[in-house]
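Inspection log for the structure reproduced underneath, given as structure tokens.
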Ligand SMILES: [Zn+2]
């Protein structure tokens, strides 16, 4: 193998694992609290969404108009769920993302409406955040439709 090829492979290896590290949720402790404890740290609206799978009114979140660079974190536990580069305007009235930080959420199918939907929750605290649909833009074609009131925007310089 030529030295240059070897270096190329090495760089790819480092880039891959460097990226993986920044995106993976490998070292975290799950947060478990009783409802009464959650009620002490969440607003009633946040509690209704995170712990009772509620939905905020469309076009109600100021985060629809947030375009700065930064991270969108779970308001209950501060876990990083989305980066601003993953956000797009879906026109639905809820903050929308075509991707999420790898390993930051868990999904399950719910049947609250007539058709099955994929609900997702924060991996750390288990709080409900929204639903993911298959009508998003490239490259993932996913639309993570998130309740803005349960996200905390942390701007980056
Ligand atoms: Zn959380």
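The values are calculated or read from the model by the stated rules, or taken from the named source; none is laboratory data. Note that this is a predicted model, so its numbers are computed, not measured. Virtual Cβ from ideal backbone geometry, glycine too; neighbours counted across all protein chains shown.
General observations
- The set of residues in region 92-106 being outside any strand (DSSP E or B) and either within 14 Å of residue 53 (Cβ to Cβ) or away from the ligand (no atom under 11 Å from the Cβ) (or both) consists of 92, 93, 94, 95, 98, 99, 100, 101, 102, 103.
- Residue that is nearest to the ligand (Cβ to nearest atom) [pool: residues in region 128-154 that are part of a loop (DSSP other than H, G, I, E, B) and within 13 Å of residue 88 (Cβ to Cβ)]: 142
- Taking region 42-56 as the range and being assigned to a helix (DSSP H, G or I) and either closer than 13 Å to residue 128 by Cα or touching a helix residue (DSSP H, G or I) at 6+ places or on another chain (Cβ under 7 Å) (or both) as the test, the residues that pass are 45, 46, 47, 48, 49, 50, 51, 52.
- Sole residue being modelled with pLDDT of 95 or more and touching a helix residue (DSSP H, G or I) at 6+ places or on another chain (Cβ under 6 Å), chosen from 87, 39: 39
- Residue count for region 32-52 satisfying the condition of being in contact with a strand residue (DSSP E or B) (Cβ under 9 Å, 6 or more places away or on another chain) and over 13 Å from residue 146 (Cβ atoms): 2.
- For the residues 59, 67, the requirement of being away from the ligand (no atom under 16 Å from the Cβ), part of a loop (DSSP other than H, G, I, E, B), loosely packed, with under 14 Cβ neighbours inside 10 Å and modelled with pLDDT of 95 or more singles out 59.
- Selection from region 107-127 of residues that are in a strand (DSSP E or B) and within 11 Å of the ligand (Cβ to nearest atom): 121, 122
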